[in-house]
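Undergrad: Structure provided below as structure tokens; questions to follow.
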Amino acid sequence: MSETVGRATEHDARALNTLLAKMPAVERVIASAHAQPLIAQYGRTQVLDAIRAAQDAWRRDVQAGTFEHENKDIEPFALERVIAAAAQRLADRAQSRLRPVFNLTGTVLHTNLGRALLPDEAVKAVVQALTQPANLEFDLASGKRGDRDDLIDALICELTGAEAATVVNNNAAAVLLLLSALATRKEVVVSRGELVEIGGAFRIPDIMSRAGARLREIGTTNRTHLKDYEAAINPRTALLMKVHCSNYAISGFTKSVGLDELAPLARRHGLPVAVDLGSGTLVDLAQWGLPAEPTVRATIEAGADLVTFSGDKLLGGPQAGLIVGRKDMIAKIKKHPLKRALRVGKLTLAALEPVLRLYRAPEFLQERLTTLRLLTRPAMEIQEAAQRVLSPLQRALGETYAANIEPMFSQIGSGALPVDVLPSSGLVVRHAGKGGSGRALLKLERALYSLPRPVIGRIADDALRMDLRCLESADEPAFVAQLTELRL
Ligand SMILES: *Cc1c(COP(=O)(O)O)cnc(C)c1O
């Protein structure tokens, strides 16, 4: 039951003033016994602000005629009510804006949901780096100033077969730095079939101009030949570049030039070949039944002088951009002033090292590298999870929605292997009532976002779909428990 008290008209201006006069003074509220636990938790400054804000909101509601007072057993502005409203505001404000969610989108490496999840080893290392001083740039052997790349470059070289390596903030930074260091005021030859745009405004032509390099486009969208590269080479050419078509595939009447042909051509002209691999896997994924992606090692063996790739895509680590390749070129890249601006922090290095170390034991990788574990999770196991979750979900949904288990296909995500899909299983919710299905699904989607740990699915074909690939058994109880809080 609710009642609207006081409308801002001349007629009941007096009732309004009588009501507002009942609002207790802030000093009285803050001095009351009810306020003391809040002050102990948040401090007096914040509590005062919250009380004022709560009372101001009520004043505005009263004046607008929208003030609602539901419980008639208690005065509208009783101290307890004021404190409760302030406490609610304080709790809302104290909640972190970056919150854990359930990724049921079916995209494992979801850029908007933070890409790769880190294994425990990495989490422990990050906590340590956060809470204890570390030899980030301190050489323990000589007692002199060290280089943060030294902590990790030997391991990267061991895993990729490269001569040298460096790490920056992300792969976009890696490409920008590489081009800035090696191609400013010079030309870079790229096939028109590889002028990639990655989501979030990373476009090869734009990065090229930011780096002050001139893009020399060759070939056509579907076909580029070795002779196109050869014809474009001139005294101003700095490098030949290949970009991995991460998020699209060109099929049909196509021709691109592989490194096996390109590297010898570059060598004849004394030019380096750089490859932006994007995902950059360190192991052959086909051994786990996943679609094959070129590995960093194979790319170097095929003749690439420099390779750039992300740390938080298929590699399964923290956000980072890795540049590996020839020693002389890495040295030049490390000397460029942008390297200082794009360098990684200690948290990234702390997380990256244990993730890379997992690759030394490929036998355990599928179990221990979270990304690989999720990507290779058997559809049968996912379906069993769906069976466990189905009835609690249906109970929470009530009668207006019907949930079913259906097979579906997950995606790797982050631009990796866009044409390949992973058989999976999940919950499909449809509106059971007549008509208005679109609106009902949006309402359900909102309600799922409003849960303590928001649930992110996706709406397609008149249904809300939740792929359970990324709901691991450790998270399942929490997922089920919060369903009782679903408010539709
Ligand atoms: C993802 C990707 C990038 C951008 O990498 P970030 O780590 O997101 O900066 C660049 N190039 C290619 C080919 C990619 O796939």
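The values are calculated or read from the model by the stated rules, or taken from the named source; none is laboratory data. The structure displayed is predicted, hence computed values, not measured ones. Note that we place each Cβ from the backbone using ideal geometry, even for glycine, and neighbour counts take in every protein chain shown.
Undergrad: Test Leu468 against the criterion of being modelled with pLDDT of 95 or more, surrounded by 14 or more Cβ atoms within 10 Å (Cβ to Cβ) and within 17 Å of Gly398 (Cα to Cα), and give yes or no.
TA: no
Undergrad: Run down Arg373, Arg357 and say which single residue is in contact with an Asp or Glu (Cβ under 9 Å, 6 or more places away or on another chain), more than 27 Å from Asn247 (Cα to Cα) and part of a helix (DSSP H, G or I). First the steps, then the outcome.
TA: Numbers: Arg373 fails: more than 27 Å from Asn247 (Cα to Cα).
After ruling out the rest, the residue left standing is Arg357.
Conditions (1) at pLDDT below 95; (2) within 16 Å of the ligand (Cβ to nearest atom); (3) over 28 Å from Lys335 (Cβ atoms); (4) in contact with a helix residue (DSSP H, G or I) (Cβ under 7 Å, 6 or more places away or on another chain), marked per residue:
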{"position": "Leu159", "(1), (2), (3), (4)": "no, no, no, yes"}
{"position": "Asn170", "(1), (2), (3), (4)": "no, yes, no, no"}
{"position": "Leu179", "(1), (2), (3), (4)": "no, yes, no, yes"}
{"position": "Lys186", "(1), (2), (3), (4)": "no, no, no, no"}
{"position": "Phe202", "(1), (2), (3), (4)": "yes, yes, no, yes"}
{"position": "Asn222", "(1), (2), (3), (4)": "yes, no, yes, yes"}
{"position": "Asp228", "(1), (2), (3), (4)": "no, no, yes, no"}
{"position": "Lys242", "(1), (2), (3), (4)": "no, yes, no, yes"}
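Undergrad: Check Ala286, Ala320 and return the single one that is within 23 Å of Arg360 (Cα to Cα) and free of Cβ contacts under 8 Å to residues at least 24 places away in the same chain.
TA: Ala286
Undergrad: Looking only at segment 279-294, filter to residues that are away from the ligand (no atom under 15 Å from the Cβ) and buried (at least 18 other Cβ atoms within 10 Å of the Cβ); which one of those is farthest from Thr376 (Cα to Cα)?
TA: Leu282
A quick yes/no check of all residues on (1) touching a residue at least 40 places away in the same chain (Cβ under 8 Å); (2) of a type in the set (Gly, Ala, Ser); (3) part of a strand (DSSP E or B):
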site	(1), (2), (3)
Leu117	yes, no, no
Val126	yes, no, no
Ser142	no, yes, no
Cys157	yes, no, no
Gly193	yes, yes, no
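Undergrad: Quick check on segment 197-238: of everything there that is in a loop (DSSP other than H, G, I, E, B) and without any contact (Cβ under 8 Å) to a residue 24 or more places away in the chain, which residue is nearest to the chain's Cα centre (by Cα)?
TA: That would be Ala201.
Undergrad: Hey, could you check segment 108-134 for residues that are in contact with a Lys or Arg (Cβ under 9 Å, 6 or more places away or on another chain) and under 13 Å from Thr371 (Cα atoms) and say which is surrounded by the fewest Cβ atoms within 10 Å (Cβ to Cβ)?
TA: Out of the qualifying residues, it is Asp120.
Undergrad: Could you grab me the full set of residues in segment 67-95 that are surrounded by 13 or more Cβ atoms within 10 Å (Cβ to Cβ) and either modelled with pLDDT under 90 or assigned to a loop (DSSP other than H, G, I, E, B) (or both)?
TA: Of everything in segment 67-95, those that are surrounded by 13 or more Cβ atoms within 10 Å (Cβ to Cβ) and either modelled with pLDDT under 90 or assigned to a loop (DSSP other than H, G, I, E, B) (or both) turn out to be Phe67, His69, Glu75, Pro76, Phe77, Ala78.
Undergrad: Exactly one condition in (1) more than 24 Å from the chain's Cα centre (by Cα); (2) within 16 Å of the ligand (Cβ to nearest atom) is not met by Ile330; state its number.
TA: (2)
Undergrad: Still on this structure, please answer the following. Spot the failing condition for Ala331; the list is (1) touching a residue at least 60 places away in the same chain (Cβ under 8 Å); (2) crowded, with 20+ Cβ neighbours inside 10 Å; (3) within 25 Å of Gly212 (Cα to Cα), and only one is missed.
TA: Of the numbered conditions (1) touching a residue at least 60 places away in the same chain (Cβ under 8 Å); (2) crowded, with 20+ Cβ neighbours inside 10 Å; (3) within 25 Å of Gly212 (Cα to Cα), the odd one out for Ala331 is (2).
Undergrad: In segment 306-327, which residues are buried (at least 24 other Cβ atoms within 10 Å of the Cβ), away from the ligand (no atom under 12 Å from the Cβ) and in a loop (DSSP other than H, G, I, E, B)?
TA: Once the filter is applied, which keeps residues that are buried (at least 24 other Cβ atoms within 10 Å of the Cβ), away from the ligand (no atom under 12 Å from the Cβ) and in a loop (DSSP other than H, G, I, E, B), segment 306-327 yields only Gly316.
Undergrad: Taking the condition surrounded by 15 or more Cβ atoms within 10 Å (Cβ to Cβ), under 23 Å from the mean Cα position of the chain (by Cα) and part of a loop (DSSP other than H, G, I, E, B), does Leu98 pass?
TA: The answer is no for Leu98.
Undergrad: Moving on to the next point. Looking at Ser425, Ser414, Ser410, can you tell me which residue is out of contact with any Gly (no Cβ under 7 Å at 6 or more places or on another chain), more than 16 Å from the ligand (Cβ to nearest atom), farther than 21 Å from Thr484 by Cβ and touching a residue at least 40 places away in the same chain (Cβ under 8 Å)?
TA: Of the residues listed, the single one that is out of contact with any Gly (no Cβ under 7 Å at 6 or more places or on another chain), more than 16 Å from the ligand (Cβ to nearest atom), farther than 21 Å from Thr484 by Cβ and touching a residue at least 40 places away in the same chain (Cβ under 8 Å) is Ser425.
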